[in-house]
Structure formats: structure tokens, C-alpha cells
Amino acid sequence: MHYVSSGEGQPVILIHGLFGNLDNLKNLANALEENHQVIRVDLPNHGKSKHWQHMDYPSLADECVKLLHKLNLTEAHFVGHSMGGKVAMALALIHPEMVTSLVVADIAPVAYSPRHQKVFAGLTSMPMEQVSSRKFALDHLTNADIDIGTSQFLLKNLQRTDNGFEWKMNLEGLIENYSHIIGWDIPDSVYPKPCFFIRGGESEYVLAEHSKAIMKQFPKVSAKTINGTGHWLHAQKPEIFNRLVVEFINKQSS
């Protein structure tokens with residue numbers, strides 16, 4: 001996995017969500033790196049990491065293990081948003097000895113119904129050979145009924161080449177593996193260490209009905225809701241989100 005490291009101290013690994021990259025949690029990294037080594041990663045099929053035709057949470061957790069070995073680390077704190085939260089949870093459940101503590105942002109250890117069909121339709125219908133500018137691509141996505149904020153986020157995956165524009169992400173691989181991404185295939189393990197779930201008050205990703213599933217696999221959980229935020233809580237109220245994460249990790253590091 002491609003990664004960027006900054007700061008010194010107990011290591012913290014930050015994992016982005018679907019369609020994201022290592023810059024998504026850079027603001028949090030800035031808040032953590034005063035006292036920690038912070039490693040931000042591009043998950044496979046995202047950013048500058050390798051493209052996979054098959055990805056599921058056990059294989060993504062294994063990729064985190066390889067990263068720890070590469071960095072000569074035996075364990076680290078893990079923070080994951082959305083799909084990245086599922087990756088971090090999977091690692092904590094499969095290799096709890098490698099996860100000092102866990103922060104999960106706006107996702108639960110459950111299978112979700114499909115909710116990205118409109119996004120995939122907008123991305124796959126993009127006439128890449130006709131894309132002459134980011135404005136052209138933005139107009140295409142908004143005309144596909146994707147809101148402006150989501151469209152701008154998706155276009156962080158668009159890069160200029162000598163021959164025009166192309167996607168950094170492996171769009172075909174993400175579509176092919178979407179059932180694994182929204183699924184949850186690690187149902188029987190328990191992570192016995194402290195973990196912190198943070199949800200957006202206006203998000204539909206972590207609901208009261210998910211509490212039982214969270215408690216079953218993460219019995220030492222604490223939780224917080226950030227009111228006035230949706231799924232992108234770390235971007236909508238970064239000061240509150242960063243403070244909560246830093247306080248939790250510092251407490252586990254002392």
C-alpha cells in the first residue's frame with residue numbers, strides 16, 4: 001500500500017473510505033503528529049496503491065499487516081472512516097494484538113444495502129475521451145444527479161495524463177467488489193481492547209439498530225455523536241472530530 005508518514009511517537013494509521021485517498025484524513029493527521037507517528041494510506045484500488053480485481057475485508061486487513069511489518073511496527077492505533085473503518089475493524093478482529101486501540105468513524109460492523117448506484121452510474125457514464133477539463137467532468141456528474149459536494153470529492157480521483165484524463169481509482173475493481181465492500185464477512189470474532197465509535201448525527205450509516213452488532217464484537221466500546229454532521233463528519237466539523245480522536249488516542253497511549 002502507498003502511504004505517507006509524519007510525526008514521531010506511538011504510531012497511528014489512518015484509513016480513508018470508498019472513493020477516497022490518503023489526503024482525506026490529513027487534517028486529523030496534522031492534529032495527531034505532534035505526539036504520534038501518523039501513517040496515512042491509500043487502500044488498494046485507490047490513490048497510488050495497486051489495483052486489485054478481488055478485494056474483501058480479510059485481504060485488506062492482511063494488507064495492513066504487511067504494512068506494519070514493512071514499517072517494523074508490532075502494533076498501532078487505527079482510525080478508519082466508512083469503508084476504512086470496516087478495514088480497521090476487520091484487522092482488530094483478526095489480529096487484535098496488532099491494534100493498540102480502534103477509532104471507527106460513521107460505519108458499523110454490518111452488511112448494508114446498496115447505496116452508491118447513482119455514483120457508479122455517473123462515473124461509468126463519464127465519456128473519458130471527451131473530458132477536456134475538470135469543469136466538464138463536474139458538469140457531467142452533477143447532470144447525473146450527484147450533488148456538488150460529492151461530485152467534487154469524486155473528482156479528486158481524476159488525474160491529467162499526456163493523453164487527457166483518467167481515474168486514479170480502479171473503478172472496474174470497485175464495482176466488481178461492491179458486494180464485499182458493503183458486506184461484512186467477519187461475524188464471529190471479538191476485539192477485547194478499547195474502541196471508539198463516532199457517528200454523524202444526520203447520517204444513516206450508524207443507527208440504534210446497529211448497537212447490538214457493535215457491542216457483540218466490540219464490547220469495550222465508547223461512542224459519540226457529532227450533531228449537525230452527516231457521513232463526512234471529519235470534514236464537516238473537523239475541530240470537534242479531531243479533538244475527540246486525539247483525546248481518545250492520547251488516553252490509550254498514556
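The values are calculated or read from the model by the stated rules, or taken from the named source; none is laboratory data. As the structure is a prediction and not an experimental result, all values here were calculated from the model. Every residue, glycine among them, receives a Cβ derived from its backbone with ideal geometry; neighbour counts consider all protein chains shown.
Restricting to segment 104-145, name every residue that is basic (Lys, Arg) and under 17 Å from Lys168 (Cα atoms). Write out each step before concluding.
Of all residues in segment 104-145, those basic (Lys, Arg) come to 115, 118, 134-135.
If the condition is that a residue be basic (Lys, Arg) and under 17 Å from Lys168 (Cα atoms), then Arg134 is the only one that fits.
Restricted to segment 239-250, and to residues there that are modelled with pLDDT of 95 or more and not aliphatic (A, V, I, L, M), the residue that is farthest from Pro192 (Cα to Cα) is Glu239.
So which of Glu172, Glu129 ends up being of a type in the set (Asp, Glu) and either in contact with a strand residue (DSSP E or B) (Cβ under 9 Å, 6 or more places away or on another chain) or over 24 Å from Asp23 (Cα atoms) (or both)?
On the way: Glu172 fails: either in contact with a strand residue (DSSP E or B) (Cβ under 9 Å, 6 or more places away or on another chain) or over 24 Å from Asp23 (Cα atoms) (or both).
On inspection, the qualifying residue turns out to be Glu129.
Residue count for segment 226-244, restricted to those that are within 14 Å of Asn35 (Cα to Cα) and touching a helix residue (DSSP H, G or I) at 6+ places or on another chain (Cβ under 6 Å): 1.
Scanning segment 45-81 for residues that are in a loop (DSSP other than H, G, I, E, B) and of a type in the set (S, T, N, Q), which turns out surrounded by the most Cβ atoms within 10 Å (Cβ to Cβ)?
First pass over segment 45-81, keeping only residues in a loop (DSSP other than H, G, I, E, B): 45-56, 71-75.
If we keep only those that are of a type in the set (S, T, N, Q) too, we end up with 45, 49, 53, 72, 74.
Values: Asn45: 24, Ser49: 20, Gln53: 10, Asn72: 6, Thr74: 11.
Filtering segment 45-81 for residues that are in a loop (DSSP other than H, G, I, E, B) and of a type in the set (S, T, N, Q), the one surrounded by the most Cβ atoms within 10 Å (Cβ to Cβ) comes out as Asn45.
Can you pull out every residue in segment 82-127 that is in a loop (DSSP other than H, G, I, E, B) and under 28 Å from Pro238 (Cβ atoms)?
Step one: of segment 82-127, the residues in a loop (DSSP other than H, G, I, E, B) are 82, 95, 106-116, 125-127.
Of everything in segment 82-127, those that are in a loop (DSSP other than H, G, I, E, B) and under 28 Å from Pro238 (Cβ atoms) turn out to be Ser82, Asp106, Ile107, Ala108, Pro109, Val110, Tyr112, Arg115, His116.
Under 26 Å from Asn242 (Cα atoms), assigned by TED's automatic domain parsing to the domain that holds Asp23 and of a type in the set (Gly, Ala, Ser), is that true of Ser59? Answer is no for this residue.
Per-residue answers, yes or no, for (1) among the hydrophobic types (A, V, I, L, M, F, W, C); (2) at pLDDT 95 or above:
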site	(1), (2)
Trp52	yes, no
Ser59	no, yes
Val65	yes, yes
His69	no, yes
Met89	yes, yes
Leu102	yes, yes
Asn143	no, no
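The criterion of at least 2 residues that are β-branched (Val, Ile, Thr) is met, among strands (runs of 3 or more DSSP E) falling completely within segment 136-254, by 221-226.
Taking (1) among the hydrophobic types (A, V, I, L, M, F, W, C); (2) surrounded by fewer than 12 Cβ atoms within 10 Å (Cβ to Cβ); (3) within 19 Å of the chain's Cα centre (by Cα) in turn, Ala208 satisfies each apart from (3). Among the residues of segment 134-181, write down those that are surrounded by 15 or more Cβ atoms within 10 Å (Cβ to Cβ) and in contact with a Ser or Thr (Cβ under 8 Å, 6 or more places away or on another chain). The answer is Leu138, His140, Leu141, Thr142, Ala144, Ser151, Leu171.
Selection of segment 118-151 for residues being without any contact (Cβ under 8 Å) to a residue 12 or more places away in the chain and either among the charged types (D, E, K, R) or in the same structural domain as Leu244 (by TED's automatic domain parsing) (or both) yields Lys135, Asp139, Asp147.
Scanning segment 9-44 for residues that are surrounded by 22 or more Cβ atoms within 10 Å (Cβ to Cβ) and assigned to a helix (DSSP H, G or I) yields Leu28, Ala29, Leu32.
Any chance segment 182-201 includes a residue that's within 26 Å of Lys50 (Cβ to Cβ), under 18 Å from the mean Cα position of the chain (by Cα) and among the aliphatic types (A, V, I, L, M)?
As a first pass, look at segment 182-201 and keep what is within 26 Å of Lys50 (Cβ to Cβ): 182-186.
Filter again for under 18 Å from the mean Cα position of the chain (by Cα), leaving 182-186.
Now restrict to residues that are among the aliphatic types (A, V, I, L, M): 182, 186.
Yes: one or more hits.
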